[in-house]
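Structure first, then comments.
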Amino acid sequence: MKLLKRLSTVTVRGQLDQAHLDQLCRNLGLETLGTPSAPIGTELGRRIEAHPRFRTVTAVVISVTRTGADEWTVTVDTIPSQEFARWRTFPEIAVRASGLTVHPPHVPSPLTISPGDTADRPLVDASAPSDRTTPEPTAAPDAQASSTSESAMDDDELLELVDGMRNHVWAWRMDDLGGLGRFANRWLILRFEPGRIVFDTQAVPGECYLIGSNGDVVAMDVPVAAVSATSEPELSRLQAITNRMAAVLISRYGEPTLWTSRPYPHIRWRDAKNSLILSCEPPCVRIIVEPERAADDVGLPISIDEAIRRRGS
């Protein structure tokens, strides 16, 4: 029984030399199977990803095929599930990162991804600088104007998220969204902005950001708690949530390397691989993970190929 359905198709037109093909295959994590001069209809590269829980089931197939005299097509086939929806944007990002042009050019769209959504998305300019801004969460649908609502991860949810963000083997590249771990399975891509990709984690109100510089992810910024107002009682409650989460993270990672409390708590744990930050930024509490790019002794940043190899080992 065929489980895979076409999720995304990206067409590249123009001259494609071997160097660009090799770079495209590296960015997509493909095994190179041919050359740009191969006959029309030849598959030039392929990548197969097994289901994260059922290893004998193929969940994702990505391929590059020569489809015309000066035309090449990247396709992504996946199991129809929200779990694999993030792969939909992967080929266009990889194509652009390889210095190639997508045809036709795409128009930005603010729509979120749903399981049946197969429309193409615009690309984030990962080389542009970006400032992280704190989003304004919306109140729960049944909240009245005169009341406030609160949403926060519990201890187990927090540890599952943070452990995933810190320990998942990933290239930390803006063009490797498909390499994000199981902690991001339910994240929905909301939009692409210069220098960052904006997600909804579906866990608490507020936006999640992958922040990029020169193609590298320099920070992953996720809300873990939010209130719908910033009056004194809510601010006190938000600080109490921050303190509770800090205690949970201390129990897992030990004493922090930095703790400041003015005007609101900002707590950092740093090791050879990355920095973990718990930050109270009303109306949210946020978790931020920043890879330690200078840590050459631990091999960061690793290549996409190496990340794929380690995930499969």
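The values are calculated or read from the model by the stated rules, or taken from the named source; none is laboratory data. Note that the structure is predicted; figures quoted are calculated from it, not measured. Glycine gets a Cβ as well: all are built from the backbone with ideal geometry, and neighbour counts include every protein chain shown. Only protein heavy atoms, including side chains, enter the accessible area calculation; ligands, DNA and RNA are left aside. Shrake-Rupley method; radii C 1.70, N 1.55, O 1.52, S 1.80 Å.
Place a point 7 Å from Cα of R53 in the direction of its Cβ. Which residues in region 162-195 have their backbone N less than 17 Å from it?
Inside the label zone: 181-187.
Using a 7 Å offset from Cα along Cα-Cβ at L190, what residues in region 203-225 end up with backbone N under 14 Å from the label point?
Residues 203-211, 221-225 qualify, since their backbone N sits under 14 Å from the label point.
For region 274-288, what does the Karplus curve 6.51 cos²θ - 1.76 cosθ + 1.60, with θ = phi - 60°, yield as ³J(HN,Hα) per residue in whole Hz, taken in order and with x for Gly and Pro?
7, 10, 10, 10, 10, 10, 8, 10, x, x, 10, 10, 10, 9, 10
Using a simple spin-label model with points 7 Å from Cα along the Cα→Cβ vector, what separation in nm is obtained for E31 and N214?
3.3
Explain nothing, just compute: Karplus ³J(HN,Hα) = 6.51 cos²θ - 1.76 cosθ + 1.60, θ = phi - 60°, for every residue of region 233-247 in order, whole Hz, x for Gly and Pro.
Calculated HN-Hα couplings, in order: x, 6, 5, 5, 5, 5, 5, 5, 5, 4, 5, 4, 5, 4, 4 Hz.
Given R₀ = 35 Å, FRET efficiency for T101-L4 by Cβ-Cβ distance, to 0.05? Walk me through the numbers on the way to the answer.
Working: r = 28 Å, r/R0 = 0.79.
With a Förster radius of 35 Å, E is 0.80.
Using only Cα atoms, what is the ratio of the radius of gyration of region 41-90 to 2.2 N^0.38 Å?
Details: Rg = 12.5 Å, N = 50, 2.2 N^0.38 = 9.7 Å.
Compactness ratio reported: 1.29.
Starting from the Kirkwood radius over alpha-carbon pairs of region 7-87, derive D by Stokes-Einstein at 37 °C in a medium of 0.692 mPa s and give it in µm² s⁻¹.
Details: Rh = 13.2 Å.
Translational diffusion coefficient: 248 µm²/s.
Tell me, in nm to one decimal, what length is gained between E160 and T230 on full extension, where the rule is 0.36 nm per residue of separation less the Cα-Cα distance? Each step should come with its number before you reach the end.
Values: separation 70, 0.36 × 70 = 25.20 nm, distance 2.79 nm.
Net length gain for the segment: 22.4 nm.
Report the full-extension gain for the segment T42 to A247: residue separation times 0.36 nm, less the Cα-Cα distance, to one decimal in nm.
On the way: separation 205, 0.36 × 205 = 73.80 nm, distance 5.65 nm.
Result for the pair: 68.1 nm of gain on full extension.
Using a 1.4 Å probe and ignoring any ligands, DNA or RNA, find the accessible area of S251 and quote it in Å² to the nearest 10.
We get 100 Å² for S251.
Taking amide H positions as placed in the peptide plane 1.01 Å from N, state which residues far from V224 in sequence (5 or more) or on other chains have amide H under 5 Å from it.
V285, R286, I287
Would you pull out the residues with amide H under 5 Å of L33's amide H, same chain only if 5 or more places away, H placed 1.01 Å from N?
Excluding prolines and chain starts, which carry no amide H, the hits are G45, R46.
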